[in-house]
Amino acid sequence: MVSRREFLMAAAALSAITAPGVGGWARAAAQQSLTQDQLLDFEPLGNVTLIHITDIHAQLVPVHFREPSVNLGVGAVKGLPPHVTGQDFLDLYNIASGTREAYALTPVDFESLAGAYGKMGGLDRIATIVKRIRQERGDNVLLLDGGDTWQGSYTSLQTRGQDMVDAMNALQPDAMTGHWEFTYGTERVREIVEGLPFPFLGSNIYDAEWDEPAFEAYKIFEKGGTKVAVIGQAFPYTPIANPRWLIPDWSFGIRDEAIAANVEAARSEGAELIVLLSHNGFDVDRALAARVSGIDIILTGHTHDALPEPVLVGNTMLIASGSHGKFVTRLDLDVREGGLKGFRHRLIPVFSDVITPDPAMTRLVSDLRAPFDAELKRELATTESLLYRRGNFNGTFDDLICQALLDVRDAEIALSPGFRWGTSVLPGQKITMEDVYSACAMTYPAAYRSNMTGETLKAILEDVADNLFNTDPYYQQGGDMVRVGGMGYAINPNGTMGGRISNMTMLKTGEPIDPSKEYVVAGWASVNEGTQGPPIWEVVEDYLGKNPVVRIEENRSVTVAS
């Protein structure tokens, strides 16, 4: 594994002024006491401040969210952040076990630390942080939203994203880009974007018929006596990872050449700082930074990584700000004489018991949730196990969903997508409808039941594995492996397409999967138009009605080659 010293050498080379992201608040956390002033204390630097939030997934209120214990990297990025987890992560960043910081950034002792440190996030806490930074830095602040903002909760689904639009408008970002936003469909996205008081940037989204830019590519802001260009980069594989039929008018892609052209155009307009507001995913952005010159900062999103220090690729700085409202990044910049001369960075964990809620945002969030309050609080079952989503190969909430699919849809094998959004439920807590929707609130939720051959099942697993573990990041789509119920398999992440998956076995009988035999398979979130079946939340609710106490045994069905 790369050493922490080796990892930080590049940062030191770029700027001697750089402050590590684990400063005074981390020391206070290690002492088991922390105040809001300590958490937000920051020695200002330079003339421009960027605030970055991303992948909130419509979580208006504080949540529990467990970070992954497995997040493998392949090829050149094996063992590099963000592909470092658990105790290795703590060692890399010199974080003491048992601290608030360890709780926020890793799954180590998550259950016990969650009881001690509570929930994280909440738009009213984020509003407090944003207002304080704006008070300190005046008009020299840019608040940038990396997308996946309007989707991921019961209230966002019921309002088709309007709850988050209203809340974010109150927060007053300067620009945003998107991904899951597009799953509301072309007309709804157009309707919202046309009414936003700030630009929705998408330099890589083109009109599918005329091959012309469909959204504003970049915006130049004058801050601190300099010009800052923000280029928007939406998720490039949206029509593949999500239903193309929802957005037939638009085409997507990484489009290196368009980014380079926009960098050049912004420079020609006098921009001294180039920021890419990206939803590519971390490894894609790391590769892009090496291929496209002239980008000073990439605010990365999509893969939900939270890193307490920047990662540098040449002269480009990558910032990863986590997900679900758990973190806010503050980045102070010294921009002068035509370029970036220094920076100071802080990944601010949004501890809900430390940050005082902003009263105006608290009222707004309460008003937005009020019409749905009874349904949000409706209790379905009690869990004896920690329910969580993140992990390359399985998560206990996904195990629950697979059990529901097997039972309610009377299937032999269950498939559940490897989404990275969804909150955690602690042992002993009630599972509410809000919890269920936070794991599956989407616009194409049909739980299908169909016959698939063993050959087809292997092809599905191989395809998803290649999307996740292709050594060329430009072929990675983010997310995690499809979750499987009723069947086990072995995987070699370092293999090649068609050769990663083996030993597919029925768990009940131990029999090998027959390539030519048909199996009854239940799943959900198919990107195919016209998929039939009840919405997945009804399937889970039905199952919990028959199983009011949930206990998830350790999942040993996936064997990973080292």
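The values are calculated or read from the model by the stated rules, or taken from the named source; none is laboratory data. Here the structure is a predicted model, which is why all the values come from computation and not from measurement. Here Cβ is always computed from backbone atoms with ideal geometry, including for glycine, and neighbour counts include all displayed protein chains. With ligands, DNA and RNA removed, areas are computed over all heavy atoms of the protein, side chains included. Shrake-Rupley method; radii C 1.70, N 1.55, O 1.52, S 1.80 Å.
Examine the stretch 414-433 for a residue that is among the aromatic types (F, W, Y), surrounded by 19 or more Cβ atoms within 10 Å (Cβ to Cβ) and part of a loop (DSSP other than H, G, I, E, B), and state whether such a residue exists. Yes; the residues of the stretch 414-433 include at least one that is among the aromatic types (F, W, Y), surrounded by 19 or more Cβ atoms within 10 Å (Cβ to Cβ) and part of a loop (DSSP other than H, G, I, E, B).
With the structure loaded, tell me whether M481 is of a type in the set (A, V, I, L, M), in a strand (DSSP E or B) and under 24 Å from H304 (Cβ atoms) or whether it fails that test. Considered against the rule, which asks whether it is of a type in the set (A, V, I, L, M), in a strand (DSSP E or B) and under 24 Å from H304 (Cβ atoms), M481 comes out as yes. Per the listing S321, S293, the residue uniquely out of contact with any Ser or Thr (no Cβ under 6 Å at 6 or more places or on another chain) and within 23 Å of L201 (Cα to Cα) is S293.
Among residues of the stretch 308-322 that are part of a strand (DSSP E or B), those with a beta-carbon under 7 Å from a residue that is at pLDDT below 95 and surrounded by fewer than 24 Cβ atoms within 10 Å (Cβ to Cβ) at least six positions away or on a different chain give the pairs L312/A10; L312/A11; L312/L14.
For the stretch 120-170, which residues satisfy the criterion of being charged (D, E, K, R), in contact (Cβ under 8 Å) with a residue 60 or more places away in the chain and open to solvent by 10 Å² or more (accessible area, probe 1.4 Å)? Steps first, answer last, please.
Taking the stretch 120-170 as the starting set, the residues that turn out to be charged (D, E, K, R) are 124-125, 131-132, 134, 136-137, 139, 145, 148, 160, 163, 166.
Now narrow it down to the ones that are in contact (Cβ under 8 Å) with a residue 60 or more places away in the chain: 124-125, 131-132, 136-137, 139, 145, 148, 163, 166.
Listed by number, the residues that qualify are D124, R125, K131, R132, E136, R137, D139, D166.
Scanning the stretch 205-250 for residues that are among the aromatic types (F, W, Y), closer than 17 Å to L276 by Cβ and in contact with an Asp or Glu (Cβ under 9 Å, 6 or more places away or on another chain) returns F221, F235.
Against the condition open to solvent by 30 Å² or more (accessible area, probe 1.4 Å) and within 21 Å of T54 (Cβ to Cβ), how does K227 come out, does it pass? So K227 does not fit the description; no. Is it true that L468 is under 30 Å from K517 (Cβ atoms), under 17 Å from the mean Cα position of the chain (by Cα) and in contact (Cβ under 8 Å) with a residue 12 or more places away in the chain? Answer is yes for this residue. Kindly check whether there is at least one residue in the stretch 75-94 that is of a type in the set (S, T, N, Q), closer than 20 Å to H324 by Cα and touching a helix residue (DSSP H, G or I) at 6+ places or on another chain (Cβ under 9 Å). Looking through the stretch 75-94, none of the residues is of a type in the set (S, T, N, Q), closer than 20 Å to H324 by Cα and touching a helix residue (DSSP H, G or I) at 6+ places or on another chain (Cβ under 9 Å).
What's the total number of residues in the stretch 101-117 that are farther than 17 Å from S69 by Cα and touching a residue at least 40 places away in the same chain (Cβ under 8 Å)? Walk me through it before giving the result.
Our first condition is that a residue be farther than 17 Å from S69 by Cα; within the stretch 101-117, this holds for 115-117.
In the following step, the residues that additionally are touching a residue at least 40 places away in the same chain (Cβ under 8 Å) were identified as 115, 117.
Number satisfying all stated conditions: 2.
Among the residues examined, D399 qualifies as touching a residue at least 12 places away in the same chain (Cβ under 8 Å), of a type outside the set (A, V, I, L, M, F, W, C) and either assigned to a helix (DSSP H, G or I) or open to solvent by 30 Å² or more (accessible area, probe 1.4 Å) (or both). The residues of the stretch 343-360 that are among the charged types (D, E, K, R), farther than 13 Å from R100 by Cα and assigned to a loop (DSSP other than H, G, I, E, B) amount to a single one, D358. Inside the stretch 503-519, residues that are on the phi < 0 side of the Ramachandran plot, open to solvent by 30 Å² or more (accessible area, probe 1.4 Å) and outside any loop (DSSP other than H, G, I, E, B) make up a count of 3.
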